[in-house]
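Here the structure comes first, spelled out in structure tokens, and everything after it is commentary.
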Amino acid sequence: MRAFTTRLRELGPELLGFATAGVLAYAADLALFVWLRGPGGWDPITAKAAGFVAGCSVAYAGNALGTYRKKAGDVPRLRQYAVFFAVNIAGALVQLLCLAFSHYGLGLTSQRADTVSGAGIGMALATVLRFWGTRTLVFRAGRGPRTEDADPRTEGRQESWTG
């Protein structure tokens, strides 16, 4: 149990930074979707797709410039963004699969059941997948800092938005 507590304490700043970027991304996604659906007059699928792309962009920026700024490595930003976007699509698919399994597989068709499976369980599983994918596929811990960002005083030390 002590090892778990120590590991959680070490991950705390990273988790907090990741969560902060995620909340900001969710707000951007929701705000754009609502605006495009209402005053923008867009259809729901196109509005949601635009909101999703905006949310991914905000989350990437928050993680690249904040949470994982010292782990950016030498990978070009466009490639990182593409991998980040793919990880987020995988997360969205997890949410859809949870909803589909509950609704069509288990026959739980009420609005409450759909909300619990898609926005509750699906979101929780998708968040775990996104966190894992972001830290292992996009901003790999084993890579050194970008050469222009290298600071010998902080090399090897993990930093986040929270200090």
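In region 1-94, the convex hull through the Cα atoms has an average projected area of 7.5 nm², a quarter of its surface area. Each label point was placed 7 Å from the Cα along the Cα-to-Cβ direction; for A90 and L108 their separation is 2.5 nm. Each of A27 and V75 was given a label point 7 Å from its Cα along the Cα-to-Cβ line. The distance between the two points is 2.7 nm.
Label separation (R140 vs V128): 2.5 nm, computed from points 7 Å beyond Cα along the C-beta direction.
Share of Cα-Cα pairs in the chain beyond 19 Å, in percent? Intermediate values should be presented prior to the final figure.
Numbers: 8137 of 13203 pairs.
Tail of the P(r) past 19 Å holds 62 percent of the pairs.
Please list the equivalent ellipsoid semi-axes of region 76-133, computed as the square roots of five times the alpha-carbon gyration tensor eigenvalues, in descending order and whole angstrom. Don't jump to the answer; show the numbers that get you there.
On the way: eigenvalues 153, 17, 10 Å².
Computed over region 76-133, the values are 28, 9, 7 Å.
A Förster radius of 45 Å, combined with the Cβ-Cβ distance separating E10 from D43, puts the computed FRET efficiency at roughly 0.50.
Coordinate-derived values only; no laboratory data. Predicted model, so just to flag it, every value in this text is computed and none were measured. All Cβ positions, glycine included, derive from the backbone under ideal geometry; neighbour counts span all protein chains shown.
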